[in-house]
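See below for the structure under consideration.
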Amino acid sequence: MEEPFALIDRLRRAAALVAPGDDGGMESGRGFEVRLAVAQLHEIHALSEGEAASGAGLALGCALTMGARPILWLRTEAAERQGGRLHGPGLVAMGLDPADLVVVVVADDAALLRAAADGARCPGLGTVIAEGWGAMRGLDLTASRRLMLAAEASGVLMLVLRVGGQVVPSAAATRWSVASAPSRALAAEAPGAPAYDLELLRRRGGPAGARWRVEWNRDTQSFDPAPLSGARLPLVADRAVAGPAPAPVRGAG
């Protein structure tokens with residue numbers, strides 16, 4: 001278990017990153033953005049193994065939208081066996097600079113949560129993504145509270161990416177479900193941008209239950225609204241523009 005912590009320490013020394021703050025930068029003129037508040041824990045649920053790529057795309061897109069780099073991506077050996085390695089060309093196609101990513105594979109869910117807590121304490125990181133498949137044993141209110149406290153203290157964007165697991169109570173500020181959506185073909189029938197169907201399952205201190213369809217815009221490093229019947233509603237989870245912030249998680253005792 002020394003290797004993940006050595007990598008985290010290297011990033012802490014090397015990175016001169018200031019985590020993005022709540023600067024109200026939602027007024028982009030497009031009237032629509034997906035942004036998650038940094039210094040918080042958020043959950044992303046791909047509800048089946050077939051949607052693992054959608055979950056990974058949403059997690060990476062949120063980190064890129066916030067400029068929350070470098071990214072520490074933690075995975076279990078089970079995730080590597082079941083889902084294969086992360087697809088480097090696909091990550092680059094979304095606009096990720098490979099120099100901004102460190103991927104660490106750990107033995108099991110317990111090691112994943114330990115490494116995630118250590119990463120979330122590191123202010124030299126921008127985002128920590130902890131990817132677990134299945135039940136993700138050990139992820140409970142206590143473990144998620146630990147991740148939230150660490151993120152609040154360091155300013156890191158902490159994302160728990162769950163693939164195929166059941167929703168359980170946690171201290172996360174928001175919880176999302178994601179599935180792939182049809183892409184719009186470009187000129188000459190070229191493949192369109194990645195598209196996602198999103199549902200806000202939970203938002204601490206606010207309403208939930210809304211759904212959106214979004215497309216990833218590599219040029220602007222943001223999510224844009226995709227064609228969908230019905231109203232297009234703003235998707236905002238950043239405390240600066242989504243009303244009062246949820247109360248911070250405080251340690252007890």
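So, with a 1.4 angstrom probe, what is the percent of accessible area on region 28-105 that is carbon and sulfur?
Carbon and sulfur together cover 52 percent of it.
Run the 1.4 Å probe and let me know the accessible area of Glu49, rounded to the nearest 10 Å².
For Glu49, solvent-accessible area is about 100 Å².
If R₀ is 35 angstrom, what is the calculated FRET efficiency for the pair Ala190 and Asp97, using the beta carbon separation as r and rounding to 0.05?
0.90
Just reorder Leu149, Leu113, Leu47 by solvent-accessible area, largest first, 1.4 Å probe, all chains present.
On the way: Leu149 60, Leu113 25, Leu47 105 Å².
Sorted by accessible area, descending: Leu47, Leu149, Leu113.
Take Val167 and Ala110, extend 7 Å from each Cα along the Cα→Cβ direction, and tell me the distance between the two endpoints in nm.
The modelled label-to-label distance comes out at 2.9 nm.
Which value, in Å² and to the nearest 10, is the accessible area of Arg175 when all protein chains are kept and the probe is 1.4 Å?
Arg175 has an accessible surface of roughly 20 Å² with all protein chains in place.
Of the accessible area of region 127-218, with the probe set at 1.4 angstrom, what percent is carbon plus sulfur?
Working: 2050 of 3870 Å².
The C+S portion of the solvent-accessible surface of region 127-218 is 53 percent.
Can you work out the accessible area per residue across region 130-201, with the rest of the protein chains kept in place, probe 1.4 Å, in square angstrom?
41 Å²
Cα centroid distance between region 105-166 and region 73-92, in Å?
One Cα centre to the other: 16 Å.
The values are calculated or read from the model by the stated rules, or taken from the named source; none is laboratory data. The shown structure was predicted, so the numbers you read here are calculated from the model rather than taken from an experiment. Virtual Cβ from ideal backbone geometry, glycine too; neighbours counted across all protein chains shown. The accessibility values were calculated without ligands, DNA or RNA, using every heavy atom of the protein model including side chains. Shrake-Rupley method; radii C 1.70, N 1.55, O 1.52, S 1.80 Å.
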